[in-house]
1. Only residues in the stretch 55-79 that are free of Cβ contacts under 8 Å to residues at least 40 places away in the same chain count as the first member; pair them with residues that are surrounded by 16 or more Cβ atoms within 10 Å (Cβ to Cβ), Cβ under 7 angstrom, at least 6 apart or cross-chain, and list the lot.
2. Given the criteria acidic (Asp, Glu), part of a strand (DSSP E or B) and closer than 30 Å to ALA164 by Cα, does ASP42 qualify?
3. How many residues are open to solvent by 50 Å² or more (accessible area, probe 1.4 Å), assigned to a loop (DSSP other than H, G, I, E, B) and either at pLDDT below 75 or under 16 Å from ASP104 (Cβ atoms) (or both) if we restrict to the stretch 132-149?
4. Name the single residue, out of those in the stretch 150-170 being free of Cβ contacts under 8 Å to residues at least 40 places away in the same chain and open to solvent by 60 Å² or more (accessible area, probe 1.4 Å), that is nearest to ALA35 (Cα to Cα).
5. Check VAL121, VAL97 and return the single one that is at pLDDT 90 or above, open to solvent by less than 20 Å² (accessible area, probe 1.4 Å) and of a type outside the set (D, E, K, R).
6. Kindly provide the set of residues from the stretch 104-116 that are open to solvent by less than 60 Å² (accessible area, probe 1.4 Å) and farther than 10 Å from ILE75 by Cβ, ordered by number.
7. When the residues of the stretch 55-78 are filtered to those that are open to solvent by 40 Å² or more (accessible area, probe 1.4 Å) and more than 18 Å from THR150 (Cβ to Cβ), which remaining residue is farthest from the chain's Cα centre (by Cα)?
8. Assuming PRO90 fulfils every condition listed in (1) over 15 Å from the mean Cα position of the chain (by Cα); (2) surrounded by fewer than 17 Cβ atoms within 10 Å (Cβ to Cβ); (3) assigned to a strand (DSSP E or B) apart from one, which condition is it?
Amino acid sequence: IHRLRSPVAVLGFVAALVLSAVFCVQTAPAQAEKAYEISNHDVTVQVAADGSYDVEESITYDFQQGAFTFAYRRIDREGGDVRDLTVRSPDAALDSVDVSRDGDHVRVRWTYPERTEPLTVDLTYSVSGALVKRGSENEIRWDPLAPEATVDTRDLDFRILLPAAFDLSAEDVRVGAELGLVGMVR
């Protein structure tokens, strides 16, 4: 067994240990930091004559720092029933898709092999029972962004397609102040 006999050698050894520990503590969070944004989010809500919706979403995640292996989307049901949910990606094979329901929310989480390149994910689903009659108007309430979302979304395109059976003119349709609220006057 080799022993350090000189106090200078012992102090040097202890200093080296402390510096390496400080270096590890300082660099570990920097390596663990991740940054991303949603560079594109396209949403189309096709309203059927019975008031149900068919929804298509395409979300592109731009991974700016770090490697990522999962993402999730919270869908506010707006009083309706979300069904026939599918998740696909043209950019990566999805390892798993898990759907959970909590009150008025559906949470879908998907995993994929670790990646740093942008990822586009396409969701399709149907919502029944969410068209609401308020007096002489029917409301389509749909907010494509979760209210508690903290991720920057750079480009959001939101379309609502109404069926010809509704027989509405342009004056009959109003878009409310909050995104995703449409009132149809009869």
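The values are calculated or read from the model by the stated rules, or taken from the named source; none is laboratory data. Remember, it's a predicted structure, so these values are computed and weren't measured experimentally. A quick note on method: Cβ atoms are made from the backbone with ideal geometry, for glycine too, and the neighbour counts reach across all protein chains shown. With ligands, DNA and RNA removed, areas are computed over all heavy atoms of the protein, side chains included. Shrake-Rupley method; radii C 1.70, N 1.55, O 1.52, S 1.80 Å.
1. Between residues of the stretch 55-79 that are free of Cβ contacts under 8 Å to residues at least 40 places away in the same chain and residues that are surrounded by 16 or more Cβ atoms within 10 Å (Cβ to Cβ), the close pairs are GLN64/TYR36; TYR72/VAL108.
2. On the way: acidic (Asp, Glu): yes; part of a strand (DSSP E or B): yes; closer than 30 Å to ALA164 by Cα: yes.
Yes: the conditions hold for ASP42.
3. Step one: list which residues in the stretch 132-149 are open to solvent by 50 Å² or more (accessible area, probe 1.4 Å), which gives 133-136, 141, 143, 145, 147-149.
Retained after the next criterion (residues that are assigned to a loop (DSSP other than H, G, I, E, B)): 135-136, 143, 145, 147-149.
Of the ones still in play, those that are also either at pLDDT below 75 or under 16 Å from ASP104 (Cβ atoms) (or both) are 143, 145, 147-149.
Count: 5.
4. Residue satisfying both the conditions and the ranking: THR150.
5. Being at pLDDT 90 or above, open to solvent by less than 20 Å² (accessible area, probe 1.4 Å) and of a type outside the set (D, E, K, R) holds for just one of VAL121, VAL97, which is VAL121.
6. Within the stretch 104-116, TRP110, THR111, TYR112, ARG115 meet the criteria.
7. Only one residue fits best here, namely GLU78.
8. That leaves (3) as the condition not met.
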